[in-house]
Amino acid sequence: MPLFIFMSGYLYSYLYNFCDKYGDVRAFLCDKVKRLLAPYAFWGVFLCVIMPEIYSPLMLLNGISHLWFLWVLFMMFVVTSLKRVFWMSLTMWQTMVIISMSMLLLPVVFRFDLFSNLFRINFFVLYFPAFIMGIYIGRQTLDTWAGKHVRLIMTAGIVAMVMIISFSVSDKFLLLLPFWGLIVVCCVWLNRRLLTKFKVSGGG
C-alpha cells in the first residue's frame, strides 16, 4: 500500500510538471470523484445493502471496509490540490519536516479510536508521507532526483531508524514494515543502473 500511494503521488506530480496535465483544479478533482469516490460509493452502498448488520451508511464517511484506501487517497488529492503551489514547491528540508511530523503523529492517531472512526484520519497520517515523497520526487526524473538528493535519502533512512526504535517501544513496530518495503523498492529502482553494471561485470 505505501508503494501504491507513493506511485499515485509521483504520477500526479510528474504528469502535472512534465506533461501539462491536471492544470485545472476543478476538472482534476471532478475526475478523481469519478475514478475514486464513485466506485467507493457504489461498492460501499452495496455492502450496506447486502450486509446491514455489519455495515451502516455512516461508515461511508469513515472508509468502509477494505475500500478505505479509495477514500484516503481521494482526501490526499484534495488536500494537495487545493494548495497545489505550496505542495509542488516544497524544498527538500520542508518535505522532510512534513514527513517527520506525520510519522511522529502516528502513535497519537493510532492510540485513540476517534481518528480511526472519523474520516480514517489515522490511515491518512500513516500513508501521507509516501504520497508527499512521491509528489516531491515527481518534480524531477528519478535518476536526476537521486543524484541531487543523496542527503535526503540518508535523512529518510535516519528518520526511519528513529521511528523503528520509537514504535518498538510503543508496540507499533508492525506499522513501519510497509515503509521498509517502500524504501527497499525505491533504493533498488534508483540504483538499477549500478545493479545492471554489476550483473554484467559479474557475468563476464
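Bear in mind these aren't lab numbers, they're just calculated from the coordinates by the rules spelled out. Everything quoted here is computed from the prediction, not taken from an experiment. Positions of Cβ are backbone-derived with ideal geometry, glycine not excepted, and every protein chain shown enters the neighbour counts.
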ask   = Among 86-94, 102-110, what's the highest-first ranking by average C-beta atoms within 10 angstrom per residue?
value = 102-110, 86-94
message = Classify the range 1-150 from the C-alpha gyration tensor, please: rounded if a/c falls under 1.5, else prolate or oblate depending on whether a/b exceeds b/c.
response = oblate
task = May I ask you to list the residues of the range 118-139 whose amide nitrogen lies under 16 Å from a point 7 Å from Cα along the Cα→beta-carbon direction of LEU90?
result = 124-139
Built amide H within the under 5 Å cut-off of LYS21, gap 5+ = TYR16
task = Answer rounded, prolate or oblate for the range 8-50, using the Cα gyration tensor with square roots of eigenvalues a ≥ b ≥ c: rounded when a/c is under 1.5, else prolate when a/b is larger than b/c, else oblate.
result = prolate
remark   = Ordering 13-19, 49-55 by per-residue average of other C-beta atoms within 10 angstrom, highest first, gives 13-19, 49-55
inquiry  = What distance in nm lies between label points placed 7 Å from Cα along the C-beta direction at LEU61 and VAL97?
reply    = 3.4 nm
